Amino acid sequence: MKRYSKEEVRQMLCRYHNLDGAETLGGKKGVEKNMQRIHSIQYDPLCVVMRNADLVLQARVQDYREDFLNSLLYEDHRLVDGFDKEMCIYHVEDFGRFQFVRNTYHENAVRTLQYRNQMGVLDILDDVRDFVEQHGKTGTKDLTIGEVWESRWGPKKLSSAALDYLFNNGTLTVADKRGTQKYFDLTERIIDNQYLFCDPNMTVEDFVEWYVERRLQCVGFLWNKNGGAWQGCFVSDNNLRSSVLKTLVEKERIEEIQTEGINESFYVSGSFWEYLKKKPKDNYARFLGPLDNMMWDREMLEALFGFVYRWEVYTPVVKRKYGYYVLPVLYNGRFVARFEAEPVRQAEKFVIKNWWWEPEVKPDHNMMETIEKEMVRFAKVLQVDNFPGNREQIGV
């Protein structure tokens, strides 16, 4: 079993994710290449600086723009919204195999309707589907079929619950988003026929093997401990996952590696090593999203990087250690700081509200210069000006 130092492992992870910029991934093609590597990005509607999906991509793709993602999702239909770890964005080529996940969400949706006493949804599914077929892209505000409920949880209209239900079972797909409002259309009109269906010969065992290996690729590598990176159908089952990891090792589709000072083994897909050939040319800094793939398993992140991170969006203000929406700062394979920005659309500039250096970090000239360049690049991605006062915030 190969053994690596923590420093080697950190550099490998950053290289795999192209956070060091060693590869030239640009434009929509760069986004699609990246998605075929890491497969899935967690979707979150909050847009304080950028949406999480955009934050993930801007750290990996040169000259990234938000319209790249929207175009790939809702014009080219090369990417698709769907349940994975949680609600995620993934490559359309995976859509057919995800029928196993959709089946599970479909079963859960029925139980949810029973719990909310909304089983009447099942009586209007054909009517809702016919409406979408006739009218095309349909949002919850576009139709009212069935009863309207006074509810604190979930949709208040049966027709809205029906749209969600038909999305869960794959009949409908998100065809557009306007802000956070989803618009659905028939899946067969959105997804290319070659990706629409799962191979009929694929068993659930085949799927789970593929799914576990794919989840390793989402992060780079993982240990076999319950945590954020193993959320979702099938893979969150510790016994099932452990059995599948063992099988994949035996089949030589993945391998175990060890890291100094950590007892648990890490599991790596064979494809991981393909992305380690190039080396970064210069110092680099990147600002990561709170739900970046590198951040999915925060216990693993702490073990490897010594970086303790908690997303405090839902933490009461008096209990927050840092701030509402705080972005980690990566420099040459180390997490050296974190910051909270003013809401960009309100400030109309990239303005750093608070900046916190990690306790052991002693910034030198190269670090400060590299981070300042990243501020300029980041503001360009946001399509706003870089606030001059940001230099003072970090001590430049």
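The values are calculated or read from the model by the stated rules, or taken from the named source; none is laboratory data. Being a predicted model, the structure only gives us computed values, none of them experimental. Ideal geometry is used to build each Cβ from the backbone, glycine not excepted, and the neighbour counts take in all protein chains shown. Heads up: the accessible areas ignore ligands, DNA and RNA and are worked out on the full protein's heavy atoms, side chains in. Shrake-Rupley method; radii C 1.70, N 1.55, O 1.52, S 1.80 Å.
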Please indicate, with yes or no, whether at least one residue in the stretch 31-43 is in contact with a strand residue (DSSP E or B) (Cβ under 7 Å, 6 or more places away or on another chain), open to solvent by less than 60 Å² (accessible area, probe 1.4 Å), charged (D, E, K, R) and under 27 Å from residue 272 (Cβ atoms). no
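Take the stretch 370-379 and flag every residue that is without any contact (Cβ under 8 Å) to a residue 60 or more places away in the chain and farther than 15 Å from residue 328 by Cβ. Let's see the steps before the verdict.
Narrowing the stretch 370-379 to residues without any contact (Cβ under 8 Å) to a residue 60 or more places away in the chain: 372, 375-377, 379.
Passing the criteria: 372, 376, 377, 379.
With respect to residue 15, determine if the residue is open to solvent by 60 Å² or more (accessible area, probe 1.4 Å) and over 13 Å from the mean Cα position of the chain (by Cα).
Numbers: open to solvent by 60 Å² or more (accessible area, probe 1.4 Å): no; over 13 Å from the mean Cα position of the chain (by Cα): yes.
So residue 15 fails the test.
This table checks each residue for (1) open to solvent by 40 Å² or more (accessible area, probe 1.4 Å); (2) assigned to a helix (DSSP H, G or I); (3) at pLDDT below 95.
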| site | (1), (2), (3) |
| --- | --- |
| 281 | yes, no, yes |
| 294 | no, yes, no |
| 300 | no, yes, no |
| 303 | no, yes, no |
| 327 | no, no, no |
| 339 | no, no, no |
| 360 | yes, no, yes |
| 368 | no, yes, no |
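A quick yes/no check of all residues on (1) among the acidic types (Asp, Glu); (2) within 25 Å of residue 197 (Cβ to Cβ):
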site	(1), (2)
2	no, no
5	no, no
42	no, no
48	no, no
56	no, no
74	no, yes
86	yes, yes
Scanning the stretch 111-130 for residues that are outside any helix (DSSP H, G or I) and crowded, with 17+ Cβ neighbours inside 10 Å, which turns out modelled with the lowest pLDDT? 118
Does residue 271 count as out of contact with any helix residue (DSSP H, G or I) (no Cβ under 9 Å at 6 or more places or on another chain), under 17 Å from residue 2 (Cβ atoms) and surrounded by fewer than 21 Cβ atoms within 10 Å (Cβ to Cβ)? no
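Considering each of 376, 344 in turn, give the residue that is at pLDDT below 95 and over 24 Å from residue 7 (Cβ atoms).
Details: 376 fails: at pLDDT below 95.
When all the criteria are applied, what remains is 344.
Criterion first (aromatic (Phe, Trp, Tyr), under 22 Å from the mean Cα position of the chain (by Cα), outside any strand (DSSP E or B) and surrounded by fewer than 20 Cβ atoms within 10 Å (Cβ to Cβ)) does residue 314 satisfy it? Walk me through how you get there before you give the answer.
Values: aromatic (Phe, Trp, Tyr): yes; under 22 Å from the mean Cα position of the chain (by Cα): yes; outside any strand (DSSP E or B): yes; surrounded by fewer than 20 Cβ atoms within 10 Å (Cβ to Cβ): yes.
Spelling it out, residue 314 is indeed aromatic (Phe, Trp, Tyr), under 22 Å from the mean Cα position of the chain (by Cα), outside any strand (DSSP E or B) and surrounded by fewer than 20 Cβ atoms within 10 Å (Cβ to Cβ).
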Exactly one of these conditions fails for residue 308: (1) in contact (Cβ under 8 Å) with a residue 12 or more places away in the chain; (2) part of a loop (DSSP other than H, G, I, E, B); (3) closer than 23 Å to residue 219 by Cβ. Give me its number. (1)
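Given the criteria more than 30 Å from residue 134 (Cβ to Cβ), of a type outside the set (Asp, Glu) and either outside any helix (DSSP H, G or I) or open to solvent by less than 60 Å² (accessible area, probe 1.4 Å) (or both), does residue 247 qualify?
On the way: more than 30 Å from residue 134 (Cβ to Cβ): yes; of a type outside the set (Asp, Glu): yes; either outside any helix (DSSP H, G or I) or open to solvent by less than 60 Å² (accessible area, probe 1.4 Å) (or both): yes.
Criteria met by residue 247.
Give 378, 350, 387 a once-over and let me know the one that is within 20 Å of residue 63 (Cα to Cα) and in contact with a Leu (Cβ under 6 Å, 6 or more places away or on another chain). Give the steps one after another, and end with the answer.
On the way: 378 fails: in contact with a Leu (Cβ under 6 Å, 6 or more places away or on another chain); 387 fails: in contact with a Leu (Cβ under 6 Å, 6 or more places away or on another chain).
Testing whether each residue is within 20 Å of residue 63 (Cα to Cα) and in contact with a Leu (Cβ under 6 Å, 6 or more places away or on another chain) leaves just 350.
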Only one of (1) assigned to a strand (DSSP E or B); (2) closer than 19 Å to residue 269 by Cα; (3) open to solvent by less than 10 Å² (accessible area, probe 1.4 Å) does not apply to residue 3, and that is (3)
Please list, ordered by first then second residue, the pairs with beta carbon atoms under 6 Å, 6 or more apart or interchain, first in the stretch 41-65 and within 22 Å of residue 219 (Cβ to Cβ) and touching a residue at least 24 places away in the same chain (Cβ under 8 Å), second basic (Lys, Arg) and not in a loop (DSSP other than H, G, I, E, B). 59/286
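Is it the case that residue 256 is assigned to a loop (DSSP other than H, G, I, E, B), acidic (Asp, Glu), open to solvent by 50 Å² or more (accessible area, probe 1.4 Å) and more than 30 Å from residue 394 (Cα to Cα)? Write out each step before concluding.
Working: assigned to a loop (DSSP other than H, G, I, E, B): no; acidic (Asp, Glu): yes; open to solvent by 50 Å² or more (accessible area, probe 1.4 Å): yes; more than 30 Å from residue 394 (Cα to Cα): yes.
Criteria not met by residue 256.
Counting only residues that are charged (D, E, K, R), in a helix (DSSP H, G or I) and open to solvent by 50 Å² or more (accessible area, probe 1.4 Å), how many does the stretch 59-110 have?
First pass over the stretch 59-110, keeping only residues charged (D, E, K, R): 60, 63, 65-67, 75-76, 78, 81, 84-86, 93-94, 97, 102, 107.
Subset that is in a helix (DSSP H, G or I): 66-67, 93-94, 102, 107.
Retained after the next criterion (residues that are open to solvent by 50 Å² or more (accessible area, probe 1.4 Å)): 67, 93, 107.
Residues flagged as charged (D, E, K, R), in a helix (DSSP H, G or I) and open to solvent by 50 Å² or more (accessible area, probe 1.4 Å) within the stretch 59-110 amount to 3.
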